[in-house]
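Below is one structure, written out as structure tokens; comments come after it.
We did not get these values from a lab; they are worked out from the coordinates using the rules stated. Here the structure is a predicted model, which is why all the values come from computation and not from measurement. As a convention, Cβ positions derive from the backbone with ideal geometry for all residues, glycine included, and neighbour counts pool all protein chains shown.
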Amino acid sequence: MNALLHTEICDLLGIQYPIFLGGMVYVSYAPLVAAVSNAGGLGVLAGGSFQTKDELKEEIEKTRAMTSRPFGLNVPLIYPLAQDMIDAARESRLPVVITSAGSSAKFTAMLHDAGIKVGHVVPSAKLAMKADKAGVDFIVTEGIEAGGHDSPLGITTMVLIPQAVDAVHVPVIAAGGIADHRGFVAARALGAQGIQMGTRFVAAAEAPVHQAFKQAIVDAGDDATVLTGMSIGRPVRVIRNKLADQVLELEKKGISEMEILSFIGPGRSKAASIDGDVETGSVMSGEIAGLISSIKGVREIIREIVEGSQKLIKEMNA
Ligand SMILES: Cc1cc2nc3c(=O)[nH]c(=O)nc-3n(C[C@H](O)[C@H](O)[C@H](O)COP(=O)(O)O)c2cc1C
């Protein structure tokens, strides 16, 4: 067995490659989730996209009809519906749940009782230790390079992975700023047992999002994203556009958290993702968008990482 591509997390979750799809609100729906699982990775549904438990359960069934491989569910713990999402995972007997944006302590035991493996997303080694103590099965470290909601701590992937790996006893999966085989090998070299990608998979053929959203990622350079919401301690990494400029301007004026949140509104990321409004929508994307120059099928994205990593290691050993 190839130690580079087959790690402990593969056996834990019954997957072929240690490559996860990030649970992305308004992106990680059944077609993309199933495509990643079918290609040997772990597809992860975004619980944040659903308004009711039944809607989510329907999407779980839809995904099951598209793949017989394991897939998981992301539960952002700040969502009012978090408990419903946990219940849906239990009732639907999902094999794995990845919690984020909150304390892992609340639901881990409950999920374990239902036979569900639990991962938790953290932005620092300290929080990784806390999740480890809460009994999670694995940790996803997410650096500030990542698309979407980030931590005000601002720790980068390069710095975060080895410190988290040294701090915990469970496998660490690296997220934030990874989109190809070089990122995969780098993450493995730093001690991660696998990777989670968001931005790369938004620009995948199977992602059920508006073409304009995918194209915005393809067109983006390495300096295309900005962190909005820093002034209120709730950073969100987006591609700079009219909305981002307006938010940054309001932040300069020091307006309150409530005002900023009501200005952005929950519909802004849906507007970008589903309606293709890349000017006044919230175009969540990571800094690694600059490396992504075309829309590719999920199978090709994963194959290139697998084959590219093996080739790279061979070259390094030559
Ligand atoms: C459009 C978008 C939506 C996201 N939504 C969520 C979410 O609902 N829950 C979550 O835990 N992470 C979310 N993320 C973060 C991803 O799951 C993943 O960890 C991150 O994108 C990895 O960094 P990368 O973008 O550099 O690949 C989102 C990211 C993007 C780009």
Exercise for the section: May I ask which of Lys62/Lys106; Lys130/Lys214; Lys242/Lys296; Lys214/Lys252; Lys53/Lys133; Lys57/Lys133 have a Cα-Cα span longer than 32 Å here? Expected result: Lys130/Lys214
Problem - Ranked packing of 160-166, 139-145, most packed first, by mean Cβ within 10 Å - result: 139-145, 160-166
Handout entry: Shape category assigned to the chain from the gyration tensor of Cα positions, a/c cut at 1.5
Key = rounded
Fill in the blank from the handout: Lys and Arg at +1, Asp and Glu at -1: neighbours of Val165 with Cβ under 15 Å from its Cβ sum to -2
Completion exercise
With only helices counted (DSSP H, runs n ≥ 4, each -39500 (n - 2.57)), the per-residue ellipticity at 222 nm for the chain, to the nearest 500, works out to -12500 deg cm²/dmol
Fill in the blank from the handout: Taking segment 225-284, the whole-percent share of alpha-carbon pairs separated by over 15 angstrom is 41
